[in-house]
Structure formats: C-alpha cells, structure tokens
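Values in this text are rule-based calculations from the coordinates and carry no lab data. These numbers come from a predicted model, not from an experiment. Cβ coordinates were reconstructed from backbone atoms using ideal geometry, including for glycine residues, and neighbour counts include every protein chain displayed.
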Ligand code: BDR
Ligand code: CA
C-alpha cells in the first residue's frame, strides 16, 4: 500500500477523498491534516471525524490541526456551496481527539521518517504544504509525490472566471509550493472535474441503490453541492478531491498528462489565484505533471465499488 497523508478542508468531496484513503486497500493513510478552506475550521474537523466513523476507522488514523488561515490574507469560505459540508448529517462523530502536534510539524516529521516514501494528497488550499516547505527545506525532497487538486488548465475557474477555489484562497501558498521542488501532479478543476468526471443522475442513482451505510453517507454529504451544481447548470456532482486521491493510488486511471511549468497569480485585479500552465513553447522548465484526461467511467466504477463496502459507523 501507498503511505500517504491527506491534507484537507473537509466538506463534501473531501469526505469522499478521505473514504478513498481509509478504505482502499492500496492506501496506507498515515494521517489526516486539516487546513482552512471550505467551511469553518471546527466544522471541518468535525466532518473529518464523522468520515472516520462512517468508514469504521475511528481511533485508527491521527487527525492533526493545521493553519487556520491563509499565509497572507483573510480566510475565504465556500459555505455558499457546501453548507455545513455534510448535508446536515447528524451522525455521531465519536470521541477521537485531534493530535496535539500541529499539522505542519506532522507533515515534516512523517516525510522525514521515510524520505522518498510518503505521498501527500493536498485537496484544500496549500497553506500547510507551503508552511511545511518553509519550515523544513528538505520537505519537498522527502515527499515522494505531491498530488494537488487545484487550478484550472484553461482559465475557467469555479470561484472567479480565472481561479479555482483552492488556489484562490491562498495564492501565495500555491505559488510557493510550485517553486519548492516537489514532484507534483496537478488535478485541475477544468477540464477534468467540470467536464470529464461529473457524476450524473444514472451514477448517483446506482450509488443510492447500493443501500450500504457508506452509499447513504455519500448521497447525504454530496446533496448540498448537487443542488448548487444543478443551480449553475452542472447536471451532477463534482469529485475533484476523491479523483485526486484515486489517481495517486491507481495511475492507470490517467488517460493523458503533460509536463507544464505551473505558476500562480498573486496580484492580478481579476486573476488572483489564476494558474498559468505553460507548455514547452514558453521556454520555462516544467515543474509539474498536469493531468489532462482520465478514465472517467473507470473512476465512477471505482468509487461505486468503494461505496459498496458494507462497513458501518460504530
Ligand atoms: C476545490 O474546492 C472545494 O470546493 C473542493 O473541496 C475542492 O477541493 C474545488 O475547487
Ligand atoms: Ca477540498
């Protein structure tokens, strides 16, 4: 199994990505680290524990609290999209306590304990990852692979015309991460999440019909974004974070990828958080692999199979 940490702003698809890390036998999830993003910080922590309970794994994976705001700016939420992040689910979150060690210290320590072995799946703003790289100059080298959900490969954003949420919230952190020397794979919002791997009515009905506690959990936590997405003309749910985790564990789901020089706009009037993805012609050295196409049917089948797992909350 792949040793990994998931760095998350836990709401909706972040919960599903945690299920991937918690239930896929190909994953050895060493820790969950929390970063400010989608919804209130304490709510995100609660949602992470709810997800651990849904996966029947409470008490087995440490949860570390990280940066509660971006490096240089006030926190921006996506509560208008996510609500409480779990569709009003009132399941017991159990009594696992967060670790006393800060998320940034945990990331640095876990990577240094096994240089070249630990992978990190970053599915929120990149504040913790940037802080870890600042704290330990060896961190980027010690991480085997950093999978980032963020940016957009053709300028179509989801929070502004130019920017995807994770990069928009902490553009300085995103910029620092792309300059830090990580082996990065980027899973952008568009075209992958927005066009290729949407879960339409048929897939959602198939998952609901599984009738496992996990499928019920999925349907419930995705309800708020489904409503939001339908309101903006996307007929289904979007799964950027769980896709990112799945691609680390199952690279055969990647259909096309290119080497790009990725940089992030920090000062534009209309373009804060815009991800400039330059290919060879601009003469810039590549610093990331950008996923360009995926086996979307394979991903939908993978997630449905994961959710058919009969585990139940305690
Ligand atoms: C990203 O922002 C959040 O809404 C999702 O969790 C995902 O990580 C998409 O822009
Ligand atoms: Ca996220």
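List of remarks:
- Note on segment 228-314: Rg/Rh from C-alpha atoms, Kirkwood Rh, equals 1.08.
- Note: relative contact order over segment 47-147, using C-alpha pairs below 8 Å and six or more positions apart, is 31 percent.
- Packing, as the average of other Cβ atoms within 10 Å across residues, places the peptides 11-19, 65-73 in the order 11-19, 65-73, highest first.
- With N the number of residues in segment 89-226, Rg(Cα) / (2.2 N^0.38 Å) evaluates to 1.24.
- Among 102, 239, a tally of other beta-carbon atoms within 10 Å of each Cβ gives an order, fewest to most, of 102, 239.
- Equivalent ellipsoid dimensions for segment 130-196 as semi-axes, Å, which come from the Cα gyration tensor, largest first: 24, 13, 7
- Restricting the calculation to Cα atoms, every distinct pair contributes to the Kirkwood radius of segment 76-125, found to be 14.4 Å.
- Available extension along the chain between residue 69 and residue 227 is 54.1 nm, counting 0.36 nm per residue and deducting the alpha carbon span.
- Stokes-Einstein diffusion of the chain at 20 °C, 1.002 mPa s viscosity, Kirkwood radius from Cα pairs, rounded to a whole number: 113 µm²/s.
- Relative contact order of the chain, defined on C-alpha pairs under 8 angstrom at six or more residues apart (%): 21
- Estimated inter-spin distance, residue 269 and residue 114, nm [label 7 Å along Cα→Cβ]: 5.0
- Given in Å, the Rg to one decimal and the Dmax to the nearest whole number for the Cα atoms of segment 206-279 are 17.2, 48.
- Taking the number of Cβ atoms within 10 Å of each Cβ as an exposure proxy, the fewest-first ranking of 277, 34 is 277, 34.
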